Structures are given as C-alpha cells and as structure tokens.
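Below is one structure, written out as structure tokens; the observations come after it.
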Amino acid sequence: ESSAKSGARAHPDAEATALVAGMLAGYGRAPDPGIFQSFEADEHFQRFREEGTPSVTTNAHILSALRRFPGAPEGRRATLKIVRLLERARTGDRCWNDVWHASPLYPTSQTIGALAGLANELVRPAVQWLLGEQHEDGSWGFGPGTQEETAWALQGLIAAGADDVGLLAVTAPAVQL
C-alpha cells in the first residue's frame, strides 16, 4: 500500500534530494540550490531533520549536486561548509566512514568523487589508502573482495584520475588490473 493511501507521510531525505538534483542538473534542469536549506545544520547537512550524527555520504552527494550550480552564492557557501566537514570527518586523514555504511569503501569513493578537482589535497591521501586496500587479485573488500566494494573503489579511483593528471598516472594501473 502506498504511503499516500495509508496516510503515512514521507520524510524528506537530503541524500535522495541530492542524487535527484544531480541527475536533473545533468539533463540541464538544475533545481535551485536552496532546496538543501531545510537540511542544513550549523556545521553540516543532515540526511533527515533531527539527525544526530552527520552522514559523510549525504554531504558528499549534496556537494556533488552543488558543484553543478557554480554561480549560486548559496551553493558556494554550502560548498565551503561541506568541504570543511569532510576534511574533519576523515578517519586517520585517509578515508571516510559513514553512519549508513559498514564499509569505508563506499563513503570514501563518493567523497573522492565530490572533492575531485575541488580539494585534491583531501583526495590524494584517500587514493593512496584505496590503492593500499586493493587485494592481489585486483578486488577490494574487507575480508575477501566483493564485486560491490570493488566497484565503489574503482568509481573513486576513476573520479580522482579524471580531475588530476598526476592521480591518473597512479590510479590507471589499479583500474586496469
């Protein structure tokens, strides 16, 4: 039964909003960057209102969407806020963990994609971490490599190499393995 029929109310979700905004922007239909204001807290954006712990991936996805609104003052201010959060949220200054994901490979790859070409000083250590986590068979994963975690790692490495020729030289061999 749909939520409309049952009387249940949908709860706004900043991550879904960011992913849809990014897709729309890719088709030339960028929504107003102010759509994220209702999710804004003092030092980060919340996935859901009243969320206690900031989600790295939510903030990375909002940043990715905001980067498609380059001239908007609201977008620039929010971009700076998110970059500061992502800088503070690193685990050991190399990778990212997230409250919604067990493996750091997903939040790290999504954050690399959001920061690539914008804050490469944060991307480079994460790329080194990813490369160090690759298994001899070319896969990634905590424990045996998994297809899902390998895809996340590759996504991050490809994004990093696309915006930094120096990183491309380092990431290409791992991507091609």
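Points worth noting:
- Residue-level analysis places Leu115 outside the set of residues that are in contact (Cβ under 8 Å) with a residue 12 or more places away in the chain, closer than 23 Å to Gly22 by Cβ and open to solvent by 10 Å² or more (accessible area, probe 1.4 Å).
- Pairs with Cβ under 7 Å, 6+ apart, first in the range 90-112 and within 19 Å of Gly52 (Cα to Cα), second open to solvent by less than 10 Å² (accessible area, probe 1.4 Å) and among the aromatic types (Phe, Trp, Tyr): Arg90/Trp96; Pro107/Trp96
- For the range 81-116, the set of residues classified as outside any loop (DSSP other than H, G, I, E, B), closer than 16 Å to Glu133 by Cα and within 12 Å of the chain's Cα centre (by Cα) consists of Cys95, Leu105, Tyr106, Pro107, Thr108, Ser109, Ile112, listed by residue number.
- Of the residues examined, Thr17 is not one that is modelled with pLDDT of 90 or more, open to solvent by less than 30 Å² (accessible area, probe 1.4 Å) and either farther than 18 Å from Tyr106 by Cβ or not in a loop (DSSP other than H, G, I, E, B) (or both).
- Only one of Leu130, Leu168, Leu157 that is more than 24 Å from Gly75 (Cα to Cα), open to solvent by 20 Å² or more (accessible area, probe 1.4 Å) and not in a loop (DSSP other than H, G, I, E, B): Leu168
- Residues considered: Gly34, Gly75, Gly26, Gly22. Of these, the only one that is among the small types (Gly, Ala, Ser) and more than 18 Å from the chain's Cα centre (by Cα) is Gly34.
- Selected residue (criterion: modelled with the lowest pLDDT) from residues of the range 61-80 that are touching a helix residue (DSSP H, G or I) at 6+ places or on another chain (Cβ under 9 Å), in a helix (DSSP H, G or I) and charged (D, E, K, R): Glu74
- Hey, Gln110 open to solvent by 70 Å² or more (accessible area, probe 1.4 Å) and closer than 23 Å to Val175 by Cβ or not: no
- Scope the range 31-45; condition in a loop (DSSP other than H, G, I, E, B) and either in contact with a strand residue (DSSP E or B) (Cβ under 6 Å, 6 or more places away or on another chain) or open to solvent by 30 Å² or more (accessible area, probe 1.4 Å) (or both); matching residues: Pro31, Asp32, Asp42, Glu43
- Taking the criterion of being under 19 Å from Leu122 (Cα atoms), modelled with pLDDT of 90 or more and out of contact with any Asp or Glu (no Cβ under 9 Å at 6 or more places or on another chain), the residues of the range 139-165 that qualify are Trp152, Leu154, Gln155, Gly156, Leu157, Ile158, Ala159, Ala160, Gly161, Ala162.
- Within the range 133-151, if we keep just the residues that are touching a residue at least 12 places away in the same chain (Cβ under 8 Å), surrounded by fewer than 23 Cβ atoms within 10 Å (Cβ to Cβ) and not charged (D, E, K, R), the residue that is farthest from Thr79 (Cα to Cα) turns out to be Gly138.
- From the options Gly52, Gly28, residue that is modelled with pLDDT under 85, surrounded by fewer than 20 Cβ atoms within 10 Å (Cβ to Cβ) and part of a loop (DSSP other than H, G, I, E, B): Gly52
The values are calculated or read from the model by the stated rules, or taken from the named source; none is laboratory data. Quick caveat: nothing in here was measured; it's all calculated off a predicted structure. As a convention, Cβ positions derive from the backbone with ideal geometry for all residues, glycine included, and neighbour counts pool all protein chains shown. Accessible surface is based on the protein model in full, side chains and every heavy atom, while ligands, DNA and RNA are left aside. Shrake-Rupley method; radii C 1.70, N 1.55, O 1.52, S 1.80 Å.
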